[in-house]
Structure formats: C-alpha cells, structure tokens
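As structure tokens, the structure follows; a few thoughts come after it.
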Amino acid sequence: MHDHAAGGHAHDHTAGANARMLGWALALTTAYLVAEVVGAFVFNSLALLSDAAHMLTDVAALVIALLAIRFGQKPADDKRTFGYKRFEILAAAFNALLLFAVAIYVLVEAVQRFRQPEAVQSTGMMIVAAIGLVVNLVSMKLLTSGKDASMNVKGAYLEVWADMIGSIGVIAGALAIRFTGWTWVDPIVAVGIGLWVLPRTWVLLRDTTNVLLEGVPGGIKLPELRAGIAGLPGVAGVHDLHVWSMSSDDITCTAHVTLAEGADADAVRKAVADTLDRRFGIEHCTIQTEALAEACEDNHHLHP
C-alpha cells in the first residue's frame, strides 16, 4: 500500500523572473568583460587580468544558469522520469570547478610576476576596476531575489559577488601603486582575490556534491525526521527511509512504515505525509505501509 503526496510543486514559479534577471546580468557582465580584458593588456595589470578571468567565469555561470532554467522547465519523459531539474546542480558544480581552475591559474601567474616584476599603469587600471565595481553591484542587485531559492542562481550570484570584491581590491591596489610605486602590489591583489573566493567556492561545491550523491538536504536531520514519523499514532516502526533532493528546492522522501495493530493504513499515511510537509517542508513523499506481522516475516522490499 502506497501513498503519494505532492503538494504545491511551485518549483518553477520564479523561473521566468530569474531568467530575466540573469539575462540582464549577462548582458552587463559580457560588455564589461571585453573592456576589462582589453584594459588588462593595455595597462599591463595582472590584478585586472585576474578579475577578468573571474568575470569570464561569471559570463559562463550566467549562460549556464539560463540554460539550466530552460532545461529545468522541460517536463519528465519516458527516458528521464525525474525531468531535467538536476541540470541546475550540474551547472552549479561546473561553476565551482571553473572558479577553482581560475584561482590556480592566477596563483601561477602571480608567482611569475613576483619573479619578474613589470610596470603597471595604475590610473587606467583604477578606471577599469571602478567601472567593473558598478557593473558588479548592478548585477548583484539583479540576482539577489533569486539566490536563496535556486542553487544555480546562487552560484552565479557568488561569482558576481566575488568579482565585486575583486574590483574593490584592484582599485585599492591601483591607488597603492600610484602613490608608492610598489608594482608588487598588483600580484598581491591578484592572489588575494583568488584566496578570498576559494572558501565560498568550496561551500558551493560541497552543497552541489551532496545533491549529486543524493545526500540528506541541508537543514534536515534524519534522526529527527525518523523520530517524527515513529512517534505518530498507529506507527509501530519506520525503515527504508530515504530523503534526497533533485535540485535546490525539490525535496523527496520515501519510507516503509510498519502499522501498529488495528491502525488504519490510510489514516497513518495521511498523518505521515502531513507531518513531513508541516515539520520538514517535504511536499513530495511516497509512503508504503505494512502490517507488523508482514514486516517481521517479509524483509525483501522494493527500494526507490
């Protein structure tokens, strides 16, 4: 006996708004990327080049985020019964790996610059970075509303946020070079940008990896969930409990519930589904109920 509760499914109600905001942020970021790459070579600034590299990952992140929304809205079919929602997680994981690669590249380039210092045109460097700061702030404002609802948008937001910090660092470095002549400040700023981004990148990669491994979503403690089900009237026990997420806002639960003697199966399934929804925010669940004697005799269950 099974019960399937799937209330609400409001997973896509913000998809259109997110797509529009991502589109605007992509247009702004792409335009500035071109300007920053040119400025990095014209003014011979590794810090600008480091920031441009991060800006390139921003463009990639925003493009992938838009594609993820488009793919995520595709309905399930006979080949992919869960649909394409996990594309969002793959996109966010790719963005995290891309940021790691950029950080390594910048560190290698900085070591070379320390060995062979080069002149830097601080004024042009500062002007380009100031423009970048404005672009980053506008892009962050556009993405703020969707970052807490989508891991994919959060990945794009983090990259833009990192670039905002980078722009501030480049401006500070340009001022230092202008007034002191210390050209070694340029690679120092470049390394600082990379080290600032890495911890946040690690958090994003950790979260996306947990989803891909079908781990228990953050914020849910499995012992509490198990106890919540086991404590319901008519429940003698619970086993084969699985909780996972297909995307950042789609949590699924399956469980085998052993009925106490004389308990009504339909009432128990409804109580379990209501508890999962109300206490743990799980709207999508599949509950199999079984008699106590059956649970003791038969231990070969089908797993999701």
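The values are calculated or read from the model by the stated rules, or taken from the named source; none is laboratory data. What you see is a predicted model; the values in this text were computed from it and never measured. All Cβ positions, even for glycine, are placed from backbone atoms using ideal geometry, and neighbour counts span all protein chains on display. Only protein heavy atoms, including side chains, enter the accessible area calculation; ligands, DNA and RNA are left aside. Shrake-Rupley method; radii C 1.70, N 1.55, O 1.52, S 1.80 Å.
Some observations on this one:
- Computed label-point distance, nm, for sites LEU195 and ALA172 using a 7 Å Cα→Cβ extension: 1.2
- Peptides ranked, highest mean first, by Cβ atoms within 10 Å: ranges 80-91, 174-185: 80-91, 174-185
- A simple spin-label model places the labels of THR30 and ARG115 3.8 nm from each other, with each point 7 Å out along Cα-to-Cβ.
- In degrees, nearest ten, helix 15-42 long axis to first principal axis of the chain (Cα): 30
- Under Karplus coefficients 6.51, -1.76 and 1.60, residue-wise ³J(HN,Hα) of the range 179-188 in Hz, glycine/proline x: 9, 10, x, 7, 5, 5, 4, 4, x, 4
- Share of Cα-Cα pairs in the range 172-293 lying beyond 26 Å, as whole percent: 46
- Taken about its Cα centre, the chain carries a charge dipole of roughly 1260 debye when the Cβ of each Lys and Arg holds +1 and the Cβ of each Asp and Glu holds -1.
- Taken along the Cα-to-beta-carbon direction at a fixed 7 Å, the label points for ASP77 and THR180 span 6.0 nm.
- If you plug the beta carbon distance of ALA130 and LEU292 into 1/(1 + (r/R0)^6) with R0 = 41 Å, you get a FRET efficiency near 0.05.
- Looking at the chain, the accessible area is 49 square angstrom per residue; that uses a 1.4 Å probe and ignores ligands, DNA and RNA.
- Value in Å of the Kirkwood radius, where the chain supplies the Cα pairs that are averaged: 21.8
- Here the gap between LYS270 and LEU67, fully extended at 0.36 nm per residue and compared with their Cα-Cα distance, gives a gain of 69.3 nm.
- Of VAL191, ILE220, GLY281, farthest towards positive along the dipole that unit charges on Lys, Arg, Asp, Glu beta carbons give the range 178-298: VAL191
- Our note on the geometry: Cα centres of the range 217-280 and the range 167-185, 58 Å apart.
- Fraction of alpha-carbon pairs over 20 Å apart in the range 108-266 - percent: 66
- Here the accessible area is traced with a 1.4 Å probe on the protein chains. For the range 167-303, carbon and sulfur cover 60 percent of it.
- Ellipticity at 222 nm from helices only: DSSP H runs of n ≥ 4 in the chain, each -39500 (n - 2.57), divided by the residue count, give -22500 deg cm²/dmol.
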